[in-house]
Amino acid sequence: RRTFLIGAVPLGLTYDGSNDLLDPTRGFRLGGRISPEISFQNSVFGYARVQLDGSIYVPATERVVIASRARFGTILGSSVERIAPTRRFYAGGGASVRGYAYQAIGPRDVDNDPIGGKSLAEFSLEARVRFGNFGVVPFVDAGNISTSFVPRFRDLRIGAGVGLRYHSNFGPIRIDVGTPLNPQAGDPRVAVYVSLGQAF
């Protein structure tokens with residue numbers, strides 16, 4: 001057990017060029033976040049968390065929208081062991097890599113619990129097919145957490161599945177069912193996610 005005292009100044013900038021907040025069918029989004037932080041745990045040291053996000057939405061037909069997303073993150077200025085576990089990067093779950101449990105991707109300790117990492121890479125691709133108020137969304141997600149400054153893409157964890165959408169007056173209701181294609185030990189065979197709005 002370790003105790004950390006952390007001070008942070010998080011800053012973010014986002015440009016939304018899509019046509020809808022919860023259910024975009026065309027356009028793109030770009031975002032960046034940087035958080036300079038000071039940590040005290042035996043000694044005082046500083047580092048910075050940086051994350052970039054981007055997504056694009058392309059209408060293929062009147063009923064089909066191709067959506068894709070990428071996310072990259074890194075921590076500058078410290079080794080991963082010195083960074084508090086709550087300030088590390090994690091991946092996995094309904095808004096990350098579907099098919100895997102929440103924050104379950106990446107390095108694990110001797111008890112097989114996720115410990116987070118220093119860098120992050122995520123990718124998503126899905127086809128949103130709509131039939132009136134309902135929709136079907138096949139998807140493929142991939143991502144990884146690394147202890148190095150740059151994520152190792154050869155260790156990407158991949159999940160695939162299909163989702164159902166009900167397009168209500170206040171936005172789509174989402175149910176996604178995914179499975180990990182190259183699971184780690186202890187990963188579930190199937191994961192189900194329920195939420196409001198599209199995955200990204």
Can you tell me how many residues in segment 175-199 are closer than 18 Å to T25 by Cα and surrounded by 21 or more Cβ atoms within 10 Å (Cβ to Cβ)?
2
Residues (part of a strand (DSSP E or B), farther than 30 Å from L76 by Cβ and open to solvent by 10 Å² or more (accessible area, probe 1.4 Å)) located in segment 119-145:
A127, R128, V129, R130, F131, F134, V136, P138, V140
Which of the following residues is in contact with a strand residue (DSSP E or B) (Cβ under 9 Å, 6 or more places away or on another chain), among the small types (G, A, S), open to solvent by 10 Å² or more (accessible area, probe 1.4 Å) and touching a residue at least 40 places away in the same chain (Cβ under 8 Å): S148, S96?
S96
Do you know which of the residues in segment 161-200 that are of a type in the set (A, V, I, L, M) and part of a loop (DSSP other than H, G, I, E, B) is nearest to R69 (Cα to Cα)?
A199
Check V150, V97 and return the single one that is out of contact with any helix residue (DSSP H, G or I) (no Cβ under 9 Å at 6 or more places or on another chain), farther than 19 Å from R33 by Cα and in a loop (DSSP other than H, G, I, E, B).
V97
Looking at I56, I34, I6, I38, which one is surrounded by 15 or more Cβ atoms within 10 Å (Cβ to Cβ) and over 30 Å from P172 (Cβ atoms)?
I34
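The values are calculated or read from the model by the stated rules, or taken from the named source; none is laboratory data. Model, not experiment: these values are computed from the prediction. Positions of Cβ are generated from backbone atoms using ideal geometry, with glycine treated the same way; all protein chains shown enter the neighbour counts. The accessibility values were calculated without ligands, DNA or RNA, using every heavy atom of the protein model including side chains. Shrake-Rupley method; radii C 1.70, N 1.55, O 1.52, S 1.80 Å.
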